[in-house]
Amino acid sequence: MLEILHAIGPGNWVSGGDVVERRESMQELFFDHPVCPEETEEDWPDDRQLYAEMVVVEGERLVGTAMLVVDPEREDRPARIWGMGVLPAFRTDFIIQTLEETLIRAAHLDPAYPFIEATDGALVPNPYSEIEGLRERRGPLAA
(Lines give C-alpha, C1' and ligand atoms only; values in the text may rest on other atoms or scores of the structure.)
Protein backbone atom coordinates (compact mmCIF):
# COMPACT_ATOMS: atom_id res chain seq x y z
CA MET A 1 0.00 0.00 0.00
CA LEU A 2 1.26 3.47 -0.87
CA GLU A 3 1.53 6.15 1.79
CA ILE A 4 2.43 9.83 1.58
CA LEU A 5 4.47 10.93 4.58
CA HIS A 6 6.09 14.14 5.75
CA ALA A 7 9.84 14.38 5.15
CA ILE A 8 10.28 17.37 7.48
CA GLY A 9 8.72 18.34 10.79
CA PRO A 10 7.90 16.29 13.87
CA GLY A 11 7.73 12.52 13.42
CA ASN A 12 8.84 12.70 9.80
CA TRP A 13 9.84 9.76 7.61
CA VAL A 14 13.47 10.88 7.31
CA SER A 15 14.08 10.85 11.07
CA GLY A 16 12.46 7.41 11.36
CA GLY A 17 15.59 5.70 10.04
CA ASP A 18 19.16 6.43 8.99
CA VAL A 19 18.81 10.15 8.23
CA VAL A 20 21.78 10.35 5.86
CA GLU A 21 20.72 7.24 3.95
CA ARG A 22 17.12 8.42 3.62
CA ARG A 23 18.13 11.92 2.49
CA GLU A 24 20.52 10.45 -0.06
CA SER A 25 17.80 8.12 -1.38
CA MET A 26 15.46 11.10 -1.81
CA GLN A 27 18.15 13.02 -3.68
CA GLU A 28 18.95 10.02 -5.90
CA LEU A 29 15.26 9.59 -6.71
CA PHE A 30 15.03 13.23 -7.79
CA PHE A 31 18.17 13.08 -9.96
CA ASP A 32 17.56 9.59 -11.40
CA HIS A 33 13.77 9.86 -11.96
CA PRO A 34 12.81 13.55 -12.11
CA VAL A 35 9.30 14.49 -13.16
CA CYS A 36 10.74 17.80 -14.44
CA PRO A 37 14.29 16.99 -15.65
CA GLU A 38 15.15 20.68 -16.16
CA GLU A 39 14.95 21.15 -12.38
CA THR A 40 17.99 18.91 -11.86
CA GLU A 41 20.11 21.68 -13.43
CA GLU A 42 18.74 24.34 -11.07
CA ASP A 43 20.76 25.64 -8.15
CA TRP A 44 19.10 26.08 -4.76
CA PRO A 45 18.89 29.89 -4.32
CA ASP A 46 19.86 31.35 -0.94
CA ASP A 47 16.42 32.91 -0.51
CA ARG A 48 14.37 29.79 -1.42
CA GLN A 49 11.89 28.85 1.29
CA LEU A 50 10.83 25.26 1.87
CA TYR A 51 7.18 25.05 2.95
CA ALA A 52 6.53 21.30 2.69
CA GLU A 53 8.41 18.16 1.74
CA MET A 54 6.82 14.74 1.35
CA VAL A 55 7.71 11.22 0.33
CA VAL A 56 5.67 8.41 -1.16
CA VAL A 57 6.55 4.99 0.21
CA GLU A 58 5.39 1.46 -0.44
CA GLY A 59 6.24 -0.27 2.81
CA GLU A 60 9.96 0.44 3.30
CA ARG A 61 10.52 1.35 -0.36
CA LEU A 62 10.79 5.02 -1.35
CA VAL A 63 8.90 5.57 -4.61
CA GLY A 64 8.41 9.35 -4.75
CA THR A 65 9.50 12.65 -3.27
CA ALA A 66 8.70 16.34 -3.80
CA MET A 67 8.74 19.78 -2.18
CA LEU A 68 6.63 22.91 -2.17
CA VAL A 69 8.97 25.89 -2.34
CA VAL A 70 8.73 29.65 -2.64
CA ASP A 71 11.33 31.60 -4.58
CA PRO A 72 10.65 35.24 -3.63
CA GLU A 73 12.80 36.58 -6.47
CA ARG A 74 10.79 34.64 -9.05
CA GLU A 75 8.12 37.22 -9.74
CA ASP A 76 6.01 35.24 -12.24
CA ARG A 77 5.04 32.30 -10.00
CA PRO A 78 7.07 32.20 -6.80
CA ALA A 79 5.22 29.25 -5.18
CA ARG A 80 5.64 25.91 -6.92
CA ILE A 81 6.00 22.18 -6.58
CA TRP A 82 9.68 21.45 -7.08
CA GLY A 83 12.11 18.56 -6.95
CA MET A 84 9.64 15.80 -7.68
CA GLY A 85 11.09 12.40 -8.39
CA VAL A 86 8.92 9.31 -8.90
CA LEU A 87 9.95 5.79 -9.89
CA PRO A 88 8.70 5.01 -13.42
CA ALA A 89 6.42 2.16 -12.28
CA PHE A 90 4.56 4.63 -10.03
CA ARG A 91 4.57 7.69 -12.30
CA THR A 92 0.88 8.17 -12.96
CA ASP A 93 -1.20 11.33 -13.07
CA PHE A 94 -2.98 10.12 -9.94
CA ILE A 95 0.24 9.73 -7.92
CA ILE A 96 1.68 13.04 -9.14
CA GLN A 97 -1.51 15.01 -8.52
CA THR A 98 -2.14 13.41 -5.14
CA LEU A 99 1.42 14.21 -4.03
CA GLU A 100 1.03 17.80 -5.27
CA GLU A 101 -2.30 18.23 -3.49
CA THR A 102 -0.91 16.77 -0.25
CA LEU A 103 2.04 19.16 -0.40
CA ILE A 104 -0.28 22.11 -0.98
CA ARG A 105 -2.48 21.21 1.97
CA ALA A 106 0.51 20.51 4.25
CA ALA A 107 2.28 23.76 3.39
CA HIS A 108 -0.42 26.06 4.75
CA LEU A 109 0.96 28.57 2.27
CA ASP A 110 0.46 32.24 3.01
CA PRO A 111 -2.80 33.45 1.42
CA ALA A 112 -0.76 36.17 -0.33
CA TYR A 113 0.24 33.47 -2.82
CA PRO A 114 -3.02 32.84 -4.70
CA PHE A 115 -1.59 30.08 -6.92
CA ILE A 116 0.96 27.29 -6.81
CA GLU A 117 2.62 26.11 -10.01
CA ALA A 118 2.20 22.34 -10.42
CA THR A 119 4.78 20.13 -12.12
CA ASP A 120 2.83 20.29 -15.39
CA GLY A 121 2.92 24.12 -15.31
CA ALA A 122 -0.75 24.45 -14.37
CA LEU A 123 -1.67 26.98 -11.71
CA VAL A 124 -3.41 25.41 -8.74
CA PRO A 125 -5.37 27.78 -6.49
CA ASN A 126 -4.01 28.07 -2.97
CA PRO A 127 -6.79 26.62 -0.77
CA TYR A 128 -5.77 29.08 1.96
CA SER A 129 -6.05 32.12 -0.30
CA GLU A 130 -8.85 34.52 0.42
CA ILE A 131 -9.57 35.33 -3.21
CA GLU A 132 -13.32 35.05 -3.53
CA GLY A 133 -14.64 32.66 -6.16
CA LEU A 134 -11.51 30.51 -6.61
CA ARG A 135 -12.16 26.86 -7.26
CA GLU A 136 -9.47 24.19 -7.39
CA ARG A 137 -8.82 22.59 -10.74
CA ARG A 138 -8.89 18.93 -9.84
CA GLY A 139 -9.66 15.99 -7.59
CA PRO A 140 -9.61 15.89 -3.80
CA LEU A 141 -8.83 19.58 -3.30
CA ALA A 142 -12.15 20.46 -4.89
CA ALA A 143 -14.17 18.31 -2.52
Within the range 1-28, residues being hydroxyl-bearing (Ser, Thr, Tyr) and either part of a loop (DSSP other than H, G, I, E, B) or more than 13 Å from VAL55 (Cα to Cα) (or both) number 0
Filter pass, ALA79 being closer than 23 Å to LEU123 by Cβ and out of contact with any Ser or Thr (no Cβ under 7 Å at 6 or more places or on another chain): yes
Answer yes or no: is there a residue in the range 15-30 that is surrounded by fewer than 19 Cβ atoms within 10 Å (Cβ to Cβ) and closer than 19 Å to LEU109 by Cβ. no
Can you name every residue in the range 29-42 that is in contact (Cβ under 8 Å) with a residue 24 or more places away in the chain and assigned to a helix (DSSP H, G or I)? LEU29, PHE30, PHE31, ASP32, GLU39
Pull out all pairs, ordered by first then second residue, where Cβ-Cβ is under 8 Å, the residues are six or more apart or on different chains, the first lies in the range 53-68 and is surrounded by fewer than 21 Cβ atoms within 10 Å (Cβ to Cβ) and charged (D, E, K, R), and the second is modelled with pLDDT of 95 or more and assigned to a strand (DSSP E or B). GLU58/LEU2; GLU58/GLU3
What number of residues within the range 1-13 are of a type outside the set (Gly, Ala, Ser), without any contact (Cβ under 8 Å) to a residue 24 or more places away in the chain and surrounded by 11 or more Cβ atoms within 10 Å (Cβ to Cβ)? 1
Of the residues THR102, THR92, THR119, which is among the polar types (S, T, N, Q) and loosely packed, with under 15 Cβ neighbours inside 10 Å? THR92
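The values are calculated or read from the model by the stated rules, or taken from the named source; none is laboratory data. Here the structure is a predicted model, which means the values were calculated and not measured. Cβ sites come from the backbone with ideal geometry, for glycine too, and all protein chains shown count toward neighbours.
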